[in-house]
Amino acid sequence: MTDDADDILNRLPARLKEARAAQGLSLDAVAKLSGVSRSMVSQIERGESSPTIATLWNLTRALQVDFAGLLDEDAPDTRIDVLRNDAVPTIDNMGEGCRIRILSPPEDAGSYEVYELRFAPGGRLDSQPHRRGAHESLTVIEGQVVVTSGDAQDRLGAGDTARYAADQTHSIASADGSARAILMVRDA
């Protein structure tokens with residue numbers, strides 16, 4: 001066996017145990033979710049057994065961790081992904097007088113999305129309903145906006161946060177000049 005393979009086998013037990021702890025799962029819960037026996041999960045975490053690829057695949061799916069990332073030399077929390085200001089993707093053709101900067105990673109699309117909204121005076125972003133149960137949280141950084149969700153409407157100033165249903169027609173509009181806000185969308 002090569003040194004690289006030995007390194008992977010040495011890292012694997014601790015990484016699996018860390019992933020289980022991060023999810024707050026017991027050995028029994030992981031066994032039920034993965035279809036791998038409790039005793040086998042325990043043996044793998046203690047380094048007493050080497051899992052087959054199929055077993056490892058089932059465990060990573062149950063723990064919701066990336067198969068390759070589990071075996072990487074660097075732990076996932078030892079790096080900082082930076083997207084420089086001029087590299088942040090923007091959308092200028094939605095709404096009127098509204099620039100949308102996409103702050104969340106592409107892999108989060110549909111589950112949890114984060115945007116910076118920049119409104120020119122009179123700017124507006126009208127949205128059709130997202131899927132059932134979708135919610136948005138909007139925090140105003142500068143200026144004032146009017147938020148509408150269904151029949152409800154409220155005016156927000158700098159520092160204010162609104163949480164509202166996004167599974168109905170909703171809109172955000174600048175009020176009295178330009179505005180800037182952070183929008184978080186859950187279950188779009």
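Scanning region 112-151 for residues that are among the acidic types (D, E) and in contact with a Phe, Trp or Tyr (Cβ under 9 Å, 6 or more places away or on another chain) returns a single hit, E136. Residues of region 17-55 that are hydrophobic (A, V, I, L, M, F, W, C), modelled with pLDDT of 85 or more and open to solvent by less than 70 Å² (accessible area, probe 1.4 Å): L25, L27, A29, V30, A31, V36, M40, V41, I44, A54. Counting only residues that are under 19 Å from R101 (Cα atoms), open to solvent by 40 Å² or more (accessible area, probe 1.4 Å) and either touching a Ser or Thr at 6+ places or on another chain (Cβ under 6 Å) or in a strand (DSSP E or B) (or both), region 138-181 holds 6 of them. So in region 68-87, with the set limited to residues that are at pLDDT 70 or above and charged (D, E, K, R), which one is farthest from L103 (Cα to Cα)? Ranking the candidates gives R79 first. In region 94-106, the residues that are farther than 10 Å from L183 by Cα reach residues that are open to solvent by less than 50 Å² (accessible area, probe 1.4 Å) and small (G, A, S) with C-beta atoms within less than 6 angstrom, at least six apart or across chains, in these pairs: G97/A120; G97/G123; C98/G123.
Given the condition crowded, with 17+ Cβ neighbours inside 10 Å, of a type in the set (A, V, I, L, M) and either farther than 30 Å from L16 by Cβ or under 21 Å from the mean Cα position of the chain (by Cα) (or both), answer yes or no: does some residue in region 71-94 qualify? For region 71-94, residues crowded, with 17+ Cβ neighbours inside 10 Å, of a type in the set (A, V, I, L, M) and either farther than 30 Å from L16 by Cβ or under 21 Å from the mean Cα position of the chain (by Cα) (or both): absent. Here G110, G97 are screened, and the one residue that is open to solvent by less than 60 Å² (accessible area, probe 1.4 Å) and over 18 Å from S171 (Cβ atoms) is G110.
Collect the residues in region 114-137 that are over 17 Å from Y164 (Cβ atoms) and either within 17 Å of the chain's Cα centre (by Cα) or crowded, with 19+ Cβ neighbours inside 10 Å (or both), keeping them in residue-number order. The answer is E116, R118, F119, G123.
The values are calculated or read from the model by the stated rules, or taken from the named source; none is laboratory data. Note that the structure is a prediction, hence the values are computed from the model and not measured. Please note: Cβ atoms are built from the backbone with ideal geometry, for glycine as well, and neighbour counts cover all protein chains shown. Calculation scope for accessible area: heavy atoms of the full protein, side chains included, ligands and nucleic acids excluded. Shrake-Rupley method; radii C 1.70, N 1.55, O 1.52, S 1.80 Å.
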